[in-house]
Amino acid sequence: MPLLRFIPEATNINFVGARYFAFAIDGLLLLISIASIVWQGFNLGIDFTGGVLMEVKSAQVANIGTMRDEINTLGFGESQLQFYGGGDCDHPANSCVLIRVQPRQTKGEDQNTADQAVARAIKAKLGPSYAIRSTTVVGPKVSQELFHDGVIATLLAILMIAIYVSVRFEWQYGVGAAIATGHDVLVTAGLFSVFRLDFGLTAVAALLTLAGYSINDTVVVFDRIRENRRKYKRMSLVDMINLSTNQIATRTTLVSAATALSVIPLLFGGAVLLNFSVAILFGIVVGTFSSTYVAAALLLYLPAVGGKVESKAEEAAA
């Protein structure tokens with residue numbers, strides 16, 4: 001009995017022939033992303049702007065949803081709540097809550113004064129049923145250093161990916177991989193900027209995760225191109241890219257769909273996971289697109305890979 005198949009095993013799509021249309025769409029995405037990042041920047045979260053970090057413990061199991069609603073009535077710029085364990089916080093389970101709050105600093109008000117006011121307001125709102133275990137104020141200077149470190153980590157990840165691909169394949173592939181990975185990270189960062197999504201450590205984690213996912217798909221494409229170049233030595237590079245991308249189109253579609261299905265449940269995991277999952281879902285589409293129309297297509301405009309590339313007419317004559 002034949003298996004149920006949603007997509008054909010083999011496709012015959014002229015990917016390279018449609019590259020100019022794809023370039024136009026991609027160029028528009030890049031333009032929007034760069035313009036948004038330059039002119040309006042990011043909506044930086046508590047991790048990168050500073051704020052108040054409080055650890056509280058309840059005598060019973062804490063209702064984090066109710067706590068979040070109560071704290072939000074205080075009108076802070078941003079608040080994040082999550083359970084944490086360790087020590088006596090495991091008895092009872094889910095009795096300790098980590099609260100992060102970004103205070104709204106009024107004009108002329110000292111930052112430290114605003115932070116202390118936040119701590120007092122939260123303590124009064126929660127009441128005596130919650131014990132304040134510790135209160136930490138994260139200053140803007142430390143937060144800015146954290147932001148810079150996150151940017152540097154992302155750039156270093158892209159650089160190391162390019163070096164890895166250059167060693168495994170050839171330098172042309174490394175150039176294509178670096179540009180494709182940087183493209184995916186930049187466009188996804190543009191998503192955060194355009195829609196004013198909270199940009200914090202979770203966003204940096206999403207960008208680094210996306211870089212790893214993107215290079216995995218790109219390496220699969222490059223590996224198939226290299227394999228076919230050994231098999232069809234007289235085939236033109238245009239036909240080679242079309243052949244290789246069609247051979248893995250089904251595999252790429254199934255892997256992307258399976259990855260997306262595993263991420264979709266995270267959309268319902270609260271505000272903290274929402275931005276992460278949205279970025280990953282968007283990155284899956286962008287990464288799959290860039291593997292063909294950025295990484296592979298760039299090989300057409302770089303010095304020939306693996307020696308002379310003969311045209312289809314020369315192949316037929318031979």
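The values are calculated or read from the model by the stated rules, or taken from the named source; none is laboratory data. Bear in mind that the values here come from a model prediction, so they are computed numbers and not experimental data. Every residue, glycine as well, gets a Cβ built from its backbone with ideal geometry; the counts of neighbours run over all protein chains shown. Note: accessible area is taken over every heavy atom of the protein model, side chains too, but ligands, DNA and RNA are not part of it. Shrake-Rupley method; radii C 1.70, N 1.55, O 1.52, S 1.80 Å.
A compact table of results
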quantity: Residue in the range 168-180 that is within 24 Å of residue 25 (Cβ to Cβ) and under 13 Å from the mean Cα position of the chain (by Cα) present; calculated: no
quantity: Subset tally (residues that are open to solvent by less than 40 Å² (accessible area, probe 1.4 Å) and either free of Cβ contacts under 8 Å to residues at least 24 places away in the same chain or polar (S, T, N, Q) (or both)) for the range 161-211; calculated: 7
quantity: Hits in the range 20-44 (condition: open to solvent by 50 Å² or more (accessible area, probe 1.4 Å), at pLDDT 90 or above and under 30 Å from residue 147 (Cβ atoms)); calculated: 28, 29, 31, 32, 34, 38, 39
quantity: Test result for residue 17, outside any helix (DSSP H, G or I), out of contact with any Cys (no Cβ under 9 Å at 6 or more places or on another chain) and at pLDDT 85 or above; calculated: no
quantity: Meets criteria (surrounded by fewer than 19 Cβ atoms within 10 Å (Cβ to Cβ), in contact with an Asp or Glu (Cβ under 6 Å, 6 or more places away or on another chain) and at pLDDT below 85) for residue 251; calculated: no
quantity: Contacts under 6 angstrom Cβ, first residue in the range 28-50 being touching a residue at least 24 places away in the same chain (Cβ under 8 Å), partner among the acidic types (Asp, Glu), 6 or more apart; calculated: 43/198; 45/198; 46/78
